[in-house]
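Any read-out appearing in this document is the output of simple, stated calculations on the displayed coordinates, not a laboratory observation. The structure displayed is predicted, hence computed values, not measured ones. With ideal geometry, Cβ positions are generated from the backbone for all residues, glycine too; neighbour counts draw on all protein chains shown.
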Amino acid sequence: MGIIFIDNEFTAVTLLESCRAKPAYLILREPPVQIPVEHYAKALQSGERESKHIQEIAATVISCSVMALNWLAIVGMGTAIPITGGLSAAGMALLKTGAVISTIQCANGAIRAPLEAYSPSTLDALDGNDWYKYSTLALDTISVGLAVQSGASLIKNYHHLKKASGINPDKFLHSLNRH
C-alpha cells in the first residue's frame with residue numbers, strides 16, 4: 001500500500017509508492033488553514049454520505065429498470081407460448097419469479113435512497129442487521145441466476161419460433177399486427 005499526502009494548497013506528494021499489481025493508496029489530506037479541523041471532518045463525512053446517496057439512487061434506477069424489463073418480457077413471452085406449443089411456459093414461470101424479485105429489489109431501493117438522504121443512521125442500522133444483509137444477498141444471487149436463465153430461454157424460444165413457423169423469426173415478428 002502506498003501513501004500520498006495532500007497539503008492545504010492541494011499539492012500532492014507521494015510518500016510511499018504502492019508495490020501491488022493493483023495499486024492501493026492511503027491518502028492523507030491536510031485541512032485548509034481557514035477551516036477548523038472539526039468542521040473539516042464533518043464536511044468530509046457529509047461528502048462520503050453524498051457519494052453513497054448517489055450510489056443508492058443509481059442502484060434504484062438499475063433495479064427498477066430490470067423490474068420494468070422483466071414485466072415487459074412477461075407480456076412478450078405470454079404471446080410466444082401458443083406459438084412454441086407451450087415449450088416456453090417453464091421459462092415464463094421463472095420469468096415471473098424474476099419479476100417478483102426485481103420488484104422487491106426496486107421497492108428496497110426506493111426506500112433506501114431517501115433513507116440515505118434523510119436518515120443515514122437508520123440506513124446504517126438496517127445495513128448492520130444480518131437478516132437484511134443475507135436477504136438482499138439471496139435476492140441478488142437469485143436475480144442474477146434468473147437473468148442468466150432468461151437469456152438462455154430467450155435464445156431457446158428464438159429457435160423454437162424458427163422451427164415452428166419455418167420462417168425467420170424476424171420476418172415472422174414483423175408480420176404481426178402491433179395495433
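Structure values in brief
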{"read-out": "Cα radius of gyration and Dmax for region 87-159 (Å)", "value": "15.9, 52"}
{"read-out": "Reachable lysines, given that their alpha-carbon falls under 23 Å from the alpha-carbon of residue 162 and they are not under 8 places away in the same chain", "value": "171"}
{"read-out": "Order by protection proxy (mean Cβ within 10 Å, highest first), peptides 94-107, 57-70", "value": "94-107, 57-70"}
{"read-out": "Net +/- balance of residues flanking residue 5 in space, Cβ distance below 10 Å, scoring K and R +1, D and E -1", "value": "-1"}
{"read-out": "Partnerless Cys - the chain, beta-carbon criterion under 4.7 Å", "value": "19"}
{"read-out": "Residue pairs, from the table 133/156; 96/156; 52/156; 96/163, whose Cα atoms sit over 28 Å apart", "value": "133/156; 52/156"}
{"read-out": "Value of Rg/Rh across the chain [Cα atoms, Kirkwood radius]", "value": "1.20"}
{"read-out": "Backbone HN-Hα couplings from phi across region 128-143 [Karplus 6.51/-1.76/1.60, Hz, Gly and Pro as x]", "value": "x, 7, 4, 4, 5, 4, 6, 5, 5, 5, 4, 4, 5, 5, 5, 4"}
